[in-house]
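Everything on this sheet refers to the single structure shown next.
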């Protein structure tokens, strides 16, 4: 019967579609989580990228062509990010890729970039496997930090506490947490061989109840704690740890290397923030002094662009990724990924918080981050970073 | 009389061959994106047909069919990436691995009935997901296994007209041939005496047992065969997506394939492939206009379930029957 005919008919209609033509703007595909629990990071990163695109276009674009950002919701999911990246390349004919958030998404999208020979700039993933010798390829670049840099900065800060003899760690049990703690321990061993790691706790990512981990860690009586919990996990953890006297027991000597020093995290915790701990942020947003003038302007523009009262500490990485790419295109003189991939290694570009350079060998910027004690400030209803300090000072780790 | 003559004429035309040949021209006449979509449709079609051996033919509602798809994807991916096994060995191994897992899980599942059977299949698929998500050393955990190499398809250059095809196009053609062979095998199985026994079990398990059929053994056999072909579809999907991720095994994918099957019509052998085609195509078209794709899908399902219980194919067949009936009456 004509059942087969119907199938053929469907095939025919499915196959007809329009090929994109006349690639006037330079298209940048940007898969990033815009729904789910990590959207709170994805959205500000995208806003930063959008701000950079609108600034560049207002000045006439790159090589006389406008930039066009094609953002897609990756749902913080490696599978979805790969699917979107391929669709952006094959269907939308993007010239470049930027974006992704988690340490699962970025390495997965990197393989798509490699296979399709498209330059990909990762703004947030810290996973070392993104650019380690086994995975590096000509088209992958990273503007964010990595876990080795983070671990070194964290260990430097812990090492400054001369009377600390015992340290405990707590981190989410997945790739980022494991890498981050391993890097911290390696750096600390070099800086302060006398310090002992007395306890390691590994709650799962998205752990709903930290009670068991908190009491177990307190039982070991560490002098200080290195922590890699972030986002909602850090909020839950803090709300359970404070009433049990966890922070009091360690005299607030905690260093968290997972960007809980951002205004975003501080606002999420409000008055519940464990004041006195040290944490990091790519952009402290609120400088109590020594603010670079470019940064002041960036924050003003960002606030106007997002119409938010306080700017996000995450937008800067999206902003940097787009400017780095635009500089690379200018330097290459065309939009061919092969030429841009040759222009980027060794290239220095400006950011609102100083110059960054892509290492010629590892395509990393080894971006230092701002670290500081999170304190109560009368002018703000949330914790603010005191005297932000760029760490590690020397960004040579490998 | 005219009605019957028309039917015989239509049935003499080798429709399946025409569809296959039409699908094979996609890399030449369509864009790169068309090939991309067609690959997805073809792989989903095999996955849905394998599910329908349980759903439509045997009457077993499995909520965990994605487990076998996932096992196949991981077996093929791990063999090809970690152990550099060639595709000719890794592909059948994926089917075999999925069949073995289906044998073990099916042994327990067929002991239960209806909702309890469905829940147990769901439980097994969640176990596979948890293992895939946690066993970092083997499955890559939440980072998955990216960068699975394409099979070596350079030999295709020797075929005239294939020389300037991209690797993605070549892989699509390979996929099309393998899926066509797999679906043909499933068609033969469904039409064999074994397949008829499965239908008997679906329609009346008590009676089937009464006439001496070992109902559980037949159900288990159907479960294993369906699992094996789902594994083959998974192996192809892992290669097509250039990586295997834990999300492939998440339960929501099981729901997706059930929707495909019902959308196309589970009472017809060709229903699931039509459902796969419709779902992938609709998803592409509708998400271009609105982000509320689940809303549209829900509305379509609602209409289908109330008005056309036979799905798309069922609706079309009913339409043709009605038209033929009217024509026959006019002729008389």
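The values are calculated or read from the model by the stated rules, or taken from the named source; none is laboratory data. No experiment lies behind these values; they were computed from the predicted model shown. Using ideal geometry, Cβ is built from the backbone for each residue, glycine included, and neighbour counts are taken over all protein chains shown.
Only one of these is at negative phi and loosely packed, with under 15 Cβ neighbours inside 10 Å: B:261, B:309. Name it.
Selected residue: B:309, the only one of B:261, B:309 that is at negative phi and loosely packed, with under 15 Cβ neighbours inside 10 Å.
So, in region A:172-208, how many residues would count as being assigned to a helix (DSSP H, G or I), more than 14 Å from chain B (Cβ to nearest Cβ) and out of contact with any helix residue (DSSP H, G or I) (no Cβ under 6 Å at 6 or more places or on another chain)?
Going through region A:172-208 one residue at a time, the tally reaches 5.
Hand me the list of helices (runs of 4 or more DSSP H) wholly inside region B:24-111 holding 1 or more residues that are within 17 Å of the chain's Cα centre (by Cα), within 13 Å of another protein chain (Cβ to nearest Cβ) and within 19 Å of residue B:275 (Cα to Cα).
Filter on region B:24-111 gives B:32-52, B:66-81.
Output the residues belonging to region A:292-326 that are surrounded by fewer than 24 Cβ atoms within 10 Å (Cβ to Cβ), under 15 Å from residue A:49 (Cα atoms) and in contact with a strand residue (DSSP E or B) (Cβ under 8 Å, 6 or more places away or on another chain).
A:323, A:326
Please verify whether region B:233-242 includes one or more residues that are closer than 18 Å to residue B:57 by Cβ and in contact (Cβ under 8 Å) with a residue 60 or more places away in the chain.
The answer is yes; a qualifying residue exists.
One residue is enough: does region B:112-129 have a residue meeting the conditions touching a helix residue (DSSP H, G or I) at 6+ places or on another chain (Cβ under 8 Å), within 22 Å of residue A:175 (Cβ to Cβ) and within 14 Å of chain A (Cβ to nearest Cβ)?
Yes, there is a match, as at least one residue in region B:112-129 is touching a helix residue (DSSP H, G or I) at 6+ places or on another chain (Cβ under 8 Å), within 22 Å of residue A:175 (Cβ to Cβ) and within 14 Å of chain A (Cβ to nearest Cβ).
Residue-wise test of (1) surrounded by fewer than 18 Cβ atoms within 10 Å (Cβ to Cβ); (2) touching a strand residue (DSSP E or B) at 6+ places or on another chain (Cβ under 7 Å); (3) under 17 Å from residue B:41 (Cβ atoms).
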residue	(1), (2), (3)
B:179	no, no, yes
B:189	no, no, no
B:194	yes, no, no
B:197	no, no, no
B:204	yes, no, no
B:210	yes, no, no
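For residue B:241, only one of the following conditions fails: (1) within 14 Å of chain A (Cβ to nearest Cβ); (2) under 26 Å from residue B:108 (Cβ atoms). What is its number?
(2)
Scan region A:231-242 and give yes if some residue there is modelled with pLDDT under 90, part of a helix (DSSP H, G or I), in contact with a helix residue (DSSP H, G or I) (Cβ under 9 Å, 6 or more places away or on another chain) and surrounded by 18 or more Cβ atoms within 10 Å (Cβ to Cβ), otherwise no.
yes
Just need a number here: residues in region B:264-292 that are closer than 16 Å to residue B:316 by Cβ, more than 10 Å from chain A (Cβ to nearest Cβ) and either in a loop (DSSP other than H, G, I, E, B) or in contact with a strand residue (DSSP E or B) (Cβ under 9 Å, 6 or more places away or on another chain) (or both).
Count: 2.
Of (1) exposed (fewer than 14 other Cβ atoms within 10 Å of the Cβ); (2) in contact with a strand residue (DSSP E or B) (Cβ under 6 Å, 6 or more places away or on another chain), residue A:270 satisfies all except one. Which?
(2)
Looking at (1) closer than 30 Å to residue A:323 by Cβ; (2) in contact with a helix residue (DSSP H, G or I) (Cβ under 8 Å, 6 or more places away or on another chain); (3) touching a residue at least 60 places away in the same chain (Cβ under 8 Å), which is the one condition that is false for residue A:157?
With respect to (1) closer than 30 Å to residue A:323 by Cβ; (2) in contact with a helix residue (DSSP H, G or I) (Cβ under 8 Å, 6 or more places away or on another chain); (3) touching a residue at least 60 places away in the same chain (Cβ under 8 Å), residue A:157 is out only on (2).
Which is in a helix (DSSP H, G or I), more than 9 Å from chain B (Cβ to nearest Cβ) and in contact (Cβ under 8 Å) with a residue 40 or more places away in the chain, of A:69, A:97, A:88?
Answer to the selection: A:88.
Given the criteria at pLDDT below 95 and in contact with a helix residue (DSSP H, G or I) (Cβ under 7 Å, 6 or more places away or on another chain), does residue B:88 qualify?
no
For region A:83-106, name all the residues that are under 19 Å from the mean Cα position of the chain (by Cα) and at pLDDT below 90.
The answer is A:102, A:103, A:104, A:105.
Going through region B:233-253 one residue at a time, which ones are within 13 Å of residue B:44 (Cβ to Cβ) and part of a helix (DSSP H, G or I)?
B:233, B:234, B:236, B:237, B:240, B:248, B:253
Tell me which of these residue B:172 doesn't satisfy, since it passes every other one: (1) within 20 Å of the chain's Cα centre (by Cα); (2) closer than 21 Å to residue B:36 by Cβ; (3) surrounded by fewer than 21 Cβ atoms within 10 Å (Cβ to Cβ).
The one condition residue B:172 does not meet is (3).
Being in a helix (DSSP H, G or I) and surrounded by fewer than 24 Cβ atoms within 10 Å (Cβ to Cβ) is the filter here; which residues of region A:101-123 pass it?
A:111, A:114, A:115, A:116
Take region A:131-144 and flag every residue that is in contact with a helix residue (DSSP H, G or I) (Cβ under 9 Å, 6 or more places away or on another chain) and either assigned to a loop (DSSP other than H, G, I, E, B) or facing chain B (nearest Cβ under 10 Å) (or both).
Those that are in contact with a helix residue (DSSP H, G or I) (Cβ under 9 Å, 6 or more places away or on another chain) and either assigned to a loop (DSSP other than H, G, I, E, B) or facing chain B (nearest Cβ under 10 Å) (or both): A:131, A:135, A:136, A:137, A:138, A:139, A:143, A:144.
Which one of these does residue B:136 not meet: (1) crowded, with 21+ Cβ neighbours inside 10 Å; (2) within 14 Å of another protein chain (Cβ to nearest Cβ)?
(1)
What residue, among those in region A:103-112 that are at the interface with chain B (Cβ under 8 Å from one of its Cβ atoms) and in contact (Cβ under 8 Å) with a residue 60 or more places away in the chain, is farthest from residue A:122 (Cα to Cα)?
Only one residue tops the list, namely A:104.
Any residue that is within 14 Å of another protein chain (Cβ to nearest Cβ) and either touching a residue at least 40 places away in the same chain (Cβ under 8 Å) or outside any loop (DSSP other than H, G, I, E, B) (or both) - is there at least one of those in region A:41-54?
For region A:41-54, residues within 14 Å of another protein chain (Cβ to nearest Cβ) and either touching a residue at least 40 places away in the same chain (Cβ under 8 Å) or outside any loop (DSSP other than H, G, I, E, B) (or both): absent.
Here are some conditions: (1) in a helix (DSSP H, G or I); (2) under 30 Å from residue B:267 (Cα atoms); (3) more than 20 Å from the chain's Cα centre (by Cα). Residue B:183 meets all but one. Which one does it not meet?
All conditions pass for residue B:183, except number (3).
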